[in-house]
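The values are calculated or read from the model by the stated rules, or taken from the named source; none is laboratory data. Worth saying up front: this structure is predicted, and the values here are computed from it rather than measured. Note that we place each Cβ from the backbone using ideal geometry, even for glycine, and neighbour counts take in every protein chain shown. These accessible areas exclude ligands, DNA and RNA; they are computed on the full protein's heavy atoms, side chains included. Shrake-Rupley method; radii C 1.70, N 1.55, O 1.52, S 1.80 Å.
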Amino acid sequence: MTDQIDRAKLAQALENEEDLFHRAHPKSYELYQRARKSLHGGVPMLWMIRWAGSFPVFVKEAKGARFTDVDGNSYIDFCLGDTGAMTGHSPDATVEAINEQIQKGITELQRRFKLPYWQFALTATDANRFALRMARLITGRKKILVFNYCYHGSVDETFITLDEEGTPISRPNNMGPQVDPRETTKVIEFNDIAALETALSARDVAAVLAEPAMTNIGIIHPEPGYHQALREITRKYGTYLIIDETHTICTGPGGYTASFSLEPDFFTLGKPLAGGVPAAVYGFTEEISQAFNAKLDKDDADVGGIGGTLAGNALSIAAMKATLQNVLTDEFYAKAAKLQEKFTAGVEGVIAEFNLPWIVKRLGNRSEYWFRPTPPKNGGEAHAAIDPELDRYMHLFALNRGILMTPFHNMALISPDTTQEDVDYHTKVFREAVAGLFG
């Protein structure tokens with residue numbers, strides 16, 4: 001357990017790593033101070049203020065599975081834009097297609113994800129927002145349902161959680177919500193079939209918005225039979241099912257949906273879809289298409305809250321087509337999954353060597369280690385296991401030795417350009433970090 005840790009020793013180790021970080025990144029610090037004059041918090045996205053080291057690393061160039069910062073430090077990138085660059089940085093096929101601006105790509109989406117109709121957005125957040133609007137319009141219902149500690153970008157309705165007594169509350173630090181999410185959303189724990197039945201039985205929920213496996217609070221797999229129950233219960237009560245594959249596209253070429261034969265009414269996907277170019281899609285069934293068209297007032301469609309001026313632009317679609325056809329291929333997933341197995345085995349070997357009550361969870365080319373002895377079955381259990389101080393130490397230790405992990409998680413992705421040597425180096429650094437605390 002994490003209470004075995006000598007906290008004074010951990011604090012000193014963290015202080016040492018922060019001092020090393022500052023000494024190794026003077027130009028990044030200078031640019032950070034400059035950025036603070038125009039960007040709130042000195043960062044383009046507010047979550048970056050939490051980056052280990054007290055200021056962000058400024059990147060000079062990136063290619064494949066590596067990048068170099070403005071101070072000349074080179075890194076193996078296991079973060080990969082938290083899936084946004086899962087394809088590797090600037091894949092040649094995508095860059096070539098962007099330059100040529102190829103403008104087609106619909107048939108590839110139909111082939112992979114088995115849904116007939118698609119629309120484009122620039123982010124998965126918008127794709128989810130648009131799907132939710134469609135579901136509410138068709139059903140006439142105001143509520144949606146999500147899972148505790150879910151991840152669906154910055155969709156307003158999803159910033160809801162359960163307190164220790166199981167009562168729905170707005171997520172802590174939910175910044176300036178337009179509406180209290182308790183007015184729009186029901187929230188339950190993942191893998192709880194009884195709670196799902198109860199929540200939907202009132203027939204006031206337009207849609208369940210779900211990751212097929214939870215990913216932003218550790219990797220939490222569905223228990224056997226859960227997805228079958230989810231599909232049966234949503235249909236029973238006239239509730240649509242939206243599967244968000246923005247992170248779980250790591251599972252395979254068709255995401256978790258294709259790998260496990262799920263049957264969603266809507267499918268949303270963003271982040272790695274266009275190799276780093278802003279692009280997202282949402283697909284839906286023939287039934288949805290017909291029901292939506294019946295409710296749609298075409299004269300007011302441009303101000304109805306669905307769609308964006310730059311969604312579906314030629315650049316995004318060109319990059320999307322090239323990425324799907326040339327980068328996120330069967331061959332890539334086969335190679336990446338094997339390397340991720342070795343990554344996981346390396347971490348598990350260190351955990352076993354030091355007899356630590358920690359675990360590693362894997363999904364396709366994504367894995368994450370957790371400081372608890374058993375796999376959590378839902379978001380509440382996973383959140384209770386978070387140790388921010390230990391997380392920060394592990395991240396900063398790796399960063400100071402040329403490895404970037406995904407912030408606020410102990411998560412690593414494998415890109416087409418990641419090598420066995422990269423994986424082995426991570427194992428070495430991970431062992432050194434652990435030895436620094438337990439050796």
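Here are the numbers:
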{"quantity": "Residue-count net charge about Thr198 - beta-carbon cut-off 10 Å; Lys, Arg +1, Asp, Glu -1", "calculated": "-1"}
{"quantity": "Most mobile listed residue (Asp69, Asp417, Asp19) in the chain, GNM with C-alpha springs under 10 Å", "calculated": "Asp19"}
{"quantity": "Residue with peak Gaussian network fluctuation, the chain [Cα springs, cutoff 10 Å], from Ile249, Ile386, Ile49", "calculated": "Ile49"}
{"quantity": "Debye, to nearest 20: dipole size of the chain, +1 on Lys, Arg Cβ, -1 on Asp, Glu Cβ", "calculated": "520"}
{"quantity": "17 Å Cα-Cα reach of Lys142 towards aspartates and glutamates, excluding residues that sit fewer than 8 places from it in its own chain", "calculated": "Asp156, Glu157, Asp180, Glu183, Asp204"}
{"quantity": "Per residue solvent-accessible surface (Å²) - the chain, probe of 1.4 Å", "calculated": "44"}
{"quantity": "Chain lengthening between Arg235 and Lys37 when straightened (0.36 nm per residue, less Cα-Cα)", "calculated": "66.0 nm"}
{"quantity": "Theoretical ellipticity at 222 nm over the chain - DSSP helices of four or more residues, -39500 (n - 2.57) apiece, nearest 500", "calculated": "-12000 deg cm²/dmol"}
{"quantity": "Backbone HN-Hα couplings from phi across segment 147-152 [Karplus 6.51/-1.76/1.60, Hz, Gly and Pro as x]", "calculated": "9, 4, 6, 6, 10, 9"}
{"quantity": "Of all accessible heavy-atom area on the chain, the percent that carbon and sulfur account for (1.4 Å)", "calculated": "51"}
{"quantity": "Between helix 314-326 and the chain: long-axis angle, C-alpha atoms, 0 to 90°, nearest 10", "calculated": "70"}
{"quantity": "Rounded to 10°, Cα long-axis angle of helix 330-353 versus longest principal axis of the chain", "calculated": "50"}
{"quantity": "Range in the chain, longest, excluding exposed GluC sites (Glu not before Pro) [loop by DSSP; at most 12 other beta-carbon atoms within 10 Å]", "calculated": "166-439"}
{"quantity": "For segment 240-253, Karplus couplings with θ = phi - 60° (6.51, -1.76, 1.60), whole Hz, Gly/Pro x", "calculated": "6, 10, 10, 9, 9, 9, 4, 9, 7, 4, 5, 5, x, x"}
{"quantity": "Candidate lysines for bridging to Lys27, where Cα separation is under 23 Å - those fewer than 8 sequence places away on the same chain excluded", "calculated": "Lys37, Lys60, Lys63"}
{"quantity": "Prolate/oblate/rounded label for segment 304-384 (Cα gyration tensor, a/c 1.5)", "calculated": "oblate"}
{"quantity": "Angle in degrees between helix 26-35 and the longest Cα principal axis of the chain, rounded to the nearest 10", "calculated": "40"}
{"quantity": "Unit charges at the beta carbon, dipole of the chain: most positive-side option, Leu296, Asn73, Gly53", "calculated": "Leu296"}
{"quantity": "Dipole magnitude of segment 287-427 about its Cα centre (Cβ charges: Lys, Arg +1; Asp, Glu -1), debye to nearest 20", "calculated": "200"}
{"quantity": "Three-way shape call for segment 127-202 based on the alpha-carbon gyration tensor, with the a/c threshold at 1.5", "calculated": "oblate"}
{"quantity": "Selection from Met411, Ala384, Trp370 lying farthest towards where the dipole of segment 366-432 points positive, charges on Cβ", "calculated": "Ala384"}
{"quantity": "From the coordinates shown, Cα extents along the principal axes in Å corresponds to which of (i) 64, 55, 45; (ii) 70, 49, 40; (iii) 109, 49, 35", "calculated": "(i)"}
{"quantity": "Size of charge dipole - segment 250-333 - debye, nearest 20, with Cβ of Lys, Arg +1 and Asp, Glu -1, no other charges", "calculated": "320"}
{"quantity": "Reachable lysines from Lys9, criterion Cα separation under 24 angstrom, eight or more residues apart if same chain", "calculated": "Lys428"}
{"quantity": "Neighbourhood charge, 13 Å Cβ-Cβ cut-off, centred on Arg366 and excluding it, Lys, Arg +1 and Asp, Glu -1", "calculated": "-2"}
{"quantity": "Nonlocal Lys pairs with alpha-carbon distance under 28 Å, segment 317-419 (8 or more apart, or different chains)", "calculated": "8"}
{"quantity": "Within-9-Å neighbourhood charge of Thr251 [Cβ basis; K, R +1; D, E -1]", "calculated": "0"}
